[in-house]
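Read through the structure below, which is laid out as structure tokens, and then see the notes.
The values are calculated or read from the model by the stated rules, or taken from the named source; none is laboratory data. Note that this is a predicted model, so its numbers are computed, not measured. Here the Cβ positions follow ideal geometry from the backbone for every residue, glycine too, while neighbour counts run over all protein chains shown. Just the protein is used for accessible areas: all its heavy atoms, side chains included, with ligands, DNA and RNA removed. Shrake-Rupley method; radii C 1.70, N 1.55, O 1.52, S 1.80 Å.
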Amino acid sequence: MSTKENVQIVKDFFAAIGAYNKQELLALVAEDIEWIIPGEGWPLAGTHRGHADLAAVLQKASEEIETTYPTPPEFVAQGDRVLVVGVATGKIKATNKTFEDDWVFDMTVRDGKVTKIREYIDTQALA
């Protein structure tokens, strides 16, 4: 697939997350997807594999974190990798603490499916 097509798949992935369209989201990712979220001391940290883990982490995110994205992210692509650069603001519901998080998602797209996501985030801001 072209880098343009890979970027579109990643954009569709983020749109499906934003709408929490589970069926569309799962259609965009490989069955053996791996999503690595770094850190300790906050609800989403860990390595999440497969459709069930993906659905569980997104459900947990919707229950425990309020997040907004004040500016649209930037997409940078080369080959099968798409980097998504953005900023998020929000609140951890359990502590009522607010955060501002500059982040990068390193995403791999193969055969029209997202196969791997590695987040680079400000874990201290989220903890």
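Restricting ALA88, ALA61 to those that are open to solvent by less than 40 Å² (accessible area, probe 1.4 Å), in contact with a strand residue (DSSP E or B) (Cβ under 7 Å, 6 or more places away or on another chain) and on the phi < 0 side of the Ramachandran plot reduces the list to ALA88. Within segment 57-80, can one find any residue that is in contact with an Asp or Glu (Cβ under 7 Å, 6 or more places away or on another chain) and not aromatic (Phe, Trp, Tyr)? No, there is no match, as no residue in segment 57-80 is in contact with an Asp or Glu (Cβ under 7 Å, 6 or more places away or on another chain) and not aromatic (Phe, Trp, Tyr).
Somewhere in segment 45-55, is a residue open to solvent by 20 Å² or more (accessible area, probe 1.4 Å), touching a residue at least 40 places away in the same chain (Cβ under 8 Å) and not acidic (Asp, Glu)? Checked against the condition, which is being open to solvent by 20 Å² or more (accessible area, probe 1.4 Å), touching a residue at least 40 places away in the same chain (Cβ under 8 Å) and not acidic (Asp, Glu), segment 45-55 yields at least one hit. Only a single criterion out of (1) of a type in the set (Gly, Ala, Ser); (2) closer than 24 Å to THR123 by Cα; (3) within 13 Å of the chain's Cα centre (by Cα) is not satisfied by ALA16, namely (2). Picking from residues in segment 116-126 that are of a type outside the set (D, E, K, R) and not in a strand (DSSP E or B), the one that is least open to solvent (accessible area, probe 1.4 Å) is LEU126.
Contact map, segment 112-126: first residue modelled with pLDDT under 85, second residue assigned to a loop (DSSP other than H, G, I, E, B), Cβ cut-off under 6 Å, separation 6 or more or different chains; pairs are THR123/PRO38; THR123/GLY39; LEU126/TRP42.
Identify, please: which residue in segment 65-84 is over 17 Å from GLY18 (Cβ atoms) and open to solvent by 60 Å² or more (accessible area, probe 1.4 Å) and is, among those, farthest from the chain's Cα centre (by Cα)? Checking each candidate, the answer is GLN78.
Inspection of segment 85-100 identifies no residue that is modelled with pLDDT under 90, closer than 15 Å to PHE13 by Cβ and more than 12 Å from the chain's Cα centre (by Cα).
Counting the residues of segment 100-115 that are farther than 15 Å from GLY79 by Cα and either crowded, with 17+ Cβ neighbours inside 10 Å or among the hydrophobic types (A, V, I, L, M, F, W, C) (or both) gives 4.
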